[in-house]
Amino acid sequence: MPKTLNPQNAFPPNIPNFPISGNNEPIAIEPLENAVQAVLNRTENLHVRLGEAETQGVKRVQTVNSLAALSAATGFNNGDVCDVEGYGRYRLYNPSALTADGLWVLTAAGGGRWVHVLRDMRGIGNGLATLDSGQRLAQDVRDGSIQTQHIANQAITSAKLAPGAVVGHLGYTPLNKAGDTWTGDLIGGNLYSGSLLALIGDIDQAKWLMHLGNFSISFYSDYNNTVALSGLPNHAYYGRTYRPKASFTPEGHLNIAGEYRGRYDHTNRFSFCAMSGQDINIAGGGFQVLGRTFVSVPSGRALYLRRVRAYTVGGSFRARVAALYGNIWVASAETLDADIDQLLRAGPASDLVYIGVDNISGSSGNFPRGSGAWVELEIR
């Protein structure tokens, strides 16, 4: 009976006991059958391998659990690939002269090197931000991948800044050491400590020197100290006026010593006065305007009455200072010289401010010629 030989998915390494002519052995069908079967099995095995490589569908790639397991694995040929858990895919190059670094390039137990498939992208602009063998960033960060939010707060030290980088960004050089020079005017603010030396006029002949703390200001001309002011300004307080003492040095220099405070610039602080040019009869409980001025107060500021010197003799007369649409101040005595600091009008506003006199008695009286008041106002 004929026999059907079925191929098996196997790859026998050899064909044993194949008959050879001339050795006086009897001719039998079994050795020939075994030989044909071996050929069929090899053919089937190659067919299965080709189907796995070329047909559509998911192709299984061998996976190992660690880099150490990949380095120790055997049975792989040049060009084979293998996945490592957590690290990705590696390809075997055998032979290979690459230097193993423990991450991107691994030594293969069967010879050659396992190389990560992304290794060659490290140097590509806008590519992967990777680490080199020293665990440092291997990619050029000028591609913009490193941004401010990637840098920890207070992590950039002065040693990392190029000389002049801060000044270049500010656009000016801050004053911070001997020899620094400013340009333009210093406006606003206060100087509380240290000393300040400035030149006025010829650079080799004129200067003024101000020491703060114990308050001394000296003016020089032609190398000579021409005027010196000194005192203790921190002992003065707002609303008080001190009269400094003045004297001359043997060289003719003026020395002013005493507590010193105040501002009088005719814009924010100014004064005016009003006196009667003749006797004025004022009814009991009545009021008479002696003089007035017009004041504009900016938004965010206010007009204050700072000081009054009043002379309203007669017993029943009192000086009055008021804004037409604001507050009123009336003197407590017929003559006085006092600091007041009372709000008259809040800005923004334009208003008339007047000096007048009240008759506080119940009967009319004669307000004498030459009586009135001097007042000091401030906008702040």
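Restricting to region 74-83, name every residue that is more than 55 Å from the chain's Cα centre (by Cα) and open to solvent by less than 70 Å² (accessible area, probe 1.4 Å).
Selection gives F76 alone.
From the residues in region 332-380 that are farther than 20 Å from S296 by Cα and among the β-branched types (V, I, T), which one is farthest from the chain's Cα centre (by Cα)?
I360
Please go through region 340-380 and pick out each residue that is touching a residue at least 60 places away in the same chain (Cβ under 8 Å), among the charged types (D, E, K, R) and part of a strand (DSSP E or B).
Those that are touching a residue at least 60 places away in the same chain (Cβ under 8 Å), among the charged types (D, E, K, R) and part of a strand (DSSP E or B): D341, D358, E376, E378.
(1) open to solvent by 100 Å² or more (accessible area, probe 1.4 Å); (2) at pLDDT 80 or above; (3) assigned to a loop (DSSP other than H, G, I, E, B): which one isn't true of G86, the others all being true?
Going through (1) open to solvent by 100 Å² or more (accessible area, probe 1.4 Å); (2) at pLDDT 80 or above; (3) assigned to a loop (DSSP other than H, G, I, E, B) one by one, G86 breaks only (1).
For region 91-202, give me every one of the strands (runs of 3 or more DSSP E) that falls completely inside it and has 1 or more residues that are more than 32 Å from the chain's Cα centre (by Cα) and at pLDDT below 65.
195-198
Of the conditions (1) touching an Asp or Glu at 6+ places or on another chain (Cβ under 7 Å); (2) loosely packed, with under 12 Cβ neighbours inside 10 Å; (3) not β-branched (V, I, T), F294 clears all except one; give me its number.
Unmet for F294, out of (1) touching an Asp or Glu at 6+ places or on another chain (Cβ under 7 Å); (2) loosely packed, with under 12 Cβ neighbours inside 10 Å; (3) not β-branched (V, I, T): (1).
Out of the residues in region 57-73 that are loosely packed, with under 15 Cβ neighbours inside 10 Å, at pLDDT 90 or above and in a loop (DSSP other than H, G, I, E, B), state the one that is farthest from the chain's Cα centre (by Cα).
Ranking the candidates gives N65 first.
What number goes with the only condition from (1) surrounded by fewer than 12 Cβ atoms within 10 Å (Cβ to Cβ); (2) in a loop (DSSP other than H, G, I, E, B) that D337 does not pass?
(2)
So for region 312-331 (the condition being within 44 Å of the chain's Cα centre (by Cα), within 24 Å of N268 (Cα to Cα), in contact (Cβ under 8 Å) with a residue 12 or more places away in the chain and open to solvent by less than 30 Å² (accessible area, probe 1.4 Å)), does at least one residue qualify?
no
Quick check on region 254-309: of everything there that is among the charged types (D, E, K, R), closer than 22 Å to A346 by Cβ and not in a strand (DSSP E or B), which residue is modelled with the highest pLDDT?
In this case the residue turns out to be R301.
Of all residues in region 79-89, which are farther than 14 Å from A109 by Cβ, of a type outside the set (A, V, I, L, M, F, W, C) and in contact (Cβ under 8 Å) with a residue 12 or more places away in the chain?
If the condition is that a residue be farther than 14 Å from A109 by Cβ, of a type outside the set (A, V, I, L, M, F, W, C) and in contact (Cβ under 8 Å) with a residue 12 or more places away in the chain, then G79, D83, E85, Y87, G88, R89 are the ones that fit.
The values are calculated or read from the model by the stated rules, or taken from the named source; none is laboratory data. Here the structure is a predicted model, which is why all the values come from computation and not from measurement. Methodologically, a virtual Cβ is constructed for each residue, glycine included, from the backbone with ideal geometry; neighbour enumeration extends over all protein chains shown. What goes into the accessible areas is simple: the full protein's heavy atoms, side chains included, and nothing from ligands, DNA or RNA. Shrake-Rupley method; radii C 1.70, N 1.55, O 1.52, S 1.80 Å.
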